[in-house]
Amino acid sequence: MSSLSNKRIILGVTGGIAAYKSAEIIRRLQDQGAEVRVVMTPAAGEFIRPLTMQALSGHQVHSSLLDTEAEAGMGHIELARWADLLLIAPASADFIANMVHGRADNLLSTVYLATSAVVAVAPAMNQAMWAHPASIDNIQTLKQRGVTIIGPDSGILACGDIGPGRMEQPQAIIDQVSGLFNNSLLAGKKVVITAGPTREALDPVRYISNHSSGKMGYALAEAALAAGAAVTLISGPVNLDAPERCSLVKVTSAQEMLEASLQAAANADIFIAAAAVADYRAAVVADQKIKKQGDEMTLLLEKNPDIVSTVAAANDRLFVLGFAAETQDIEAYARDKLARKKLSAIVANDVSRSDVGFNSDHNEVSWIDADSSKVFSKRNKTQLARDIIEHLVSRHSL
Ligand code: C5P
């Protein structure tokens with residue numbers, strides 16, 4: 001079975017002579033079993049007729065952000081959520097610059113900003129434009145954000161120049177995007193992931209919590225889904241949309257997260273504890289709002305259960321991956337946690353750095369298990385999550 005089988009792909013077409021090749025890309029994606037929707041920029045319509053793309057994709061082509069009828073059918077946010085992959089081919093120099101700057105002035109750039117799907121771009125432009133420092137910087141920025149750049153190919157360009165800038169051939173594009181979905185890696189496996197902070201009530205209006213955004217756990221859920229797993233995401237309160245195809249269990253406190261985790265892990269293959277669980281909770285939760293009293297107040301806290309070690313102790317067949325956020329002696333503390341909590345592996349990161357970790361889109365981490373360690377240099381959490389899942393599979397013969 002192709003790794004693109006049943007994948008939902010938005011083919012974004014921007015203005016360039018290579019747009020005629022997009023028609024063939026639709027066909028070849030469909031041959032792999034993918035479902036394709038086409039989004040065209042206004043300039044793309046000058047190079048290839050939307051009708052051609054509609055006939056090939058079997059669906060209405062989306063091209064305007066301001067088309068009320070189209071928005072009522074499948075609006076830009078729905079499209080962004082629907083997709084597993086956003087493939088922009090051809091991507092003009094102008095569109096790439098728009099992506100870098102987060103401009104949302106047409107439907108395709110808006111979908112790009114709103115999607116959490118895998119994004120791949122096949123640039124197509126004149127060789128001098130491709131070699132310009134502005135384009136070089138733009139491509140570098142997109143790569144750092146986890147966007148896959150496909151090509152460009154080298155050869156005679158439409159303008160008669162020779163050099164790199166020609167859009168990659170359709171089959172080469174298909175081969176590269178297939179590689180983005182290792183969807184057999186976790187096919188048939190059940191993965192449970194905890195994410196986000198927990199919230200421990202003090203009284204009906206106050207609580208103890210932390211700054212965890214949940215981004216790492218949610219990115220891991222996306223990556224595990226893309227690898228073909230059935231995913232249960234057990235999440236504390238966060239401001240993120242859960243991936244459409246995971247089973248989401250919303251919890252608030254550590255105790256609730258523990259109960260949901262034990263239940264879900266009982267028939268799972270892999271448990272990933274990415275949640276930032278509050279270590280303590282109020283010994284007594286007041287029924288009524290606690291009143292101000294004097295200049296100081298004392299709260300009696302009691303220890304929360306350790307979710308990951310309880311789950312590990314209850315399921316000896318389970319592969320258990322923990323996370324360790326440290327500010328010093330990262331590897332030593334992580335190894336201690338690995339042993340103490342009886343984890344199969346641990347991913348450690350340095351939270352003293354402001355450019356990675358908590359609330360950031362990026363992270364730099366080390367994978368540590370009983371007999372190996374591996375550093376994943378700074379990259380965005382989407383890419384990191386895919387790399388962690390791939391490494392997990394390679395370290396654990398499932
Ligand atoms: O001990 P520490 O909080 O640093 O351990 C971090 C790891 O343990 C993370 O994987 C976190 O999700 C998990 N953990 C847990 N339950 C707790 C505390 C931490 O599952 N009460």
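The values are calculated or read from the model by the stated rules, or taken from the named source; none is laboratory data. Predicted, not measured: the structure shown is a model, and the values here were computed from it. FYI the Cβ positions are ideal-geometry reconstructions off the backbone, even for glycines, and counts take in every protein chain you see. The area values use the complete protein model at the heavy-atom level, side chains included, leaving out ligands, DNA and RNA. Shrake-Rupley method; radii C 1.70, N 1.55, O 1.52, S 1.80 Å.
Pairs are defined by a Cβ separation below 8 Å, a sequence spacing of at least 6 or placement on different chains, a first member in the range 323-347 that is open to solvent by 50 Å² or more (accessible area, probe 1.4 Å), and a second member that is within 9 Å of the ligand (Cβ to nearest atom) and charged (D, E, K, R); the pairs so defined are Tyr333/Glu326.
Evaluation of Ser212 against the conditions (1) open to solvent by less than 70 Å² (accessible area, probe 1.4 Å); (2) away from the ligand (no atom under 16 Å from the Cβ) shows that the sole unmet condition is (2). Of all residue pairs spaced 6 or more apart or on separate chains, those with beta-carbon atoms under 6 Å, a first member in the range 243-260 that is assigned by TED's automatic domain parsing to the domain that holds Ala201 and hydroxyl-bearing (Ser, Thr, Tyr) and a second member that is buried (at least 19 other Cβ atoms within 10 Å of the Cβ) and not in a loop (DSSP other than H, G, I, E, B) are Ser247/Thr232; Ser253/Glu200. Any residue in the range 375-394 that is without any contact (Cβ under 8 Å) to a residue 24 or more places away in the chain, in contact with a Gly (Cβ under 7 Å, 6 or more places away or on another chain) and not polar (S, T, N, Q)? No, the range 375-394 contains no residue that is without any contact (Cβ under 8 Å) to a residue 24 or more places away in the chain, in contact with a Gly (Cβ under 7 Å, 6 or more places away or on another chain) and not polar (S, T, N, Q). The set of residues in the range 327-373 that are acidic (Asp, Glu) and closer than 17 Å to Ala274 by Cα comprises Asp350, Asp361, Glu364, Asp369. Quick check: is even one residue across the range 263-281 assigned by TED's automatic domain parsing to the domain that holds Ile234, closer than 23 Å to Ala219 by Cα and of a type in the set (Phe, Trp, Tyr)? Yes, that holds for at least one residue. Determine whether the range 279-302 contains at least one residue that is touching a Leu at 6+ places or on another chain (Cβ under 9 Å), surrounded by fewer than 19 Cβ atoms within 10 Å (Cβ to Cβ) and of a type in the set (D, E, K, R). Checked the range 279-302: at least one residue is touching a Leu at 6+ places or on another chain (Cβ under 9 Å), surrounded by fewer than 19 Cβ atoms within 10 Å (Cβ to Cβ) and of a type in the set (D, E, K, R).
Every residue, every condition in (1) open to solvent by 70 Å² or more (accessible area, probe 1.4 Å); (2) outside the structural domain of Ala286 (by TED's automatic domain parsing); (3) assigned to a helix (DSSP H, G or I), yes or no:
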residue	(1), (2), (3)
Pro305	no, no, no
Asn349	no, no, no
Ser354	yes, no, no
Val365	no, no, no
Leu384	no, no, yes
Asp387	no, no, yes
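Taking each residue of the range 2-25 that is part of a loop (DSSP other than H, G, I, E, B) and looking for partners that are of a type in the set (Lys, Arg) with beta-carbon atoms closer than 9 Å, six or more apart or interchain, yields Ala18/Arg166. Within the range 261-309, the only residue that satisfies the criterion of being touching a strand residue (DSSP E or B) at 6+ places or on another chain (Cβ under 6 Å), away from the ligand (no atom under 15 Å from the Cβ) and among the β-branched types (Val, Ile, Thr) is Val285. Scanning the range 1-56 for residues that are over 19 Å from Tyr112 (Cα atoms) and open to solvent by 40 Å² or more (accessible area, probe 1.4 Å) yields a count of 18. Give me the residue from the range 204-241 that is assigned to a helix (DSSP H, G or I), within 18 Å of Asp269 (Cα to Cα) and of a type in the set (A, V, I, L, M) and, out of that set, modelled with the lowest pLDDT. So, considering only residues that are assigned to a helix (DSSP H, G or I), within 18 Å of Asp269 (Cα to Cα) and of a type in the set (A, V, I, L, M), the one modelled with the lowest pLDDT is Ala226.
Taken together, the residues in the range 26-64 that are in a strand (DSSP E or B) and free of Cβ contacts under 8 Å to residues at least 60 places away in the same chain amount to 5.
For the range 73-87, state whether one or more residues are under 28 Å from Ser377 (Cα atoms), in a helix (DSSP H, G or I) and at pLDDT below 95. Within the range 73-87 (the criterion being under 28 Å from Ser377 (Cα atoms), in a helix (DSSP H, G or I) and at pLDDT below 95), the answer is no, since none of the residues qualifies. Among the residues of the range 242-260, those that are open to solvent by 40 Å² or more (accessible area, probe 1.4 Å) and either within 11 Å of the ligand (Cβ to nearest atom) or part of a helix (DSSP H, G or I) (or both) comprise Gln255, Glu256, Glu259.
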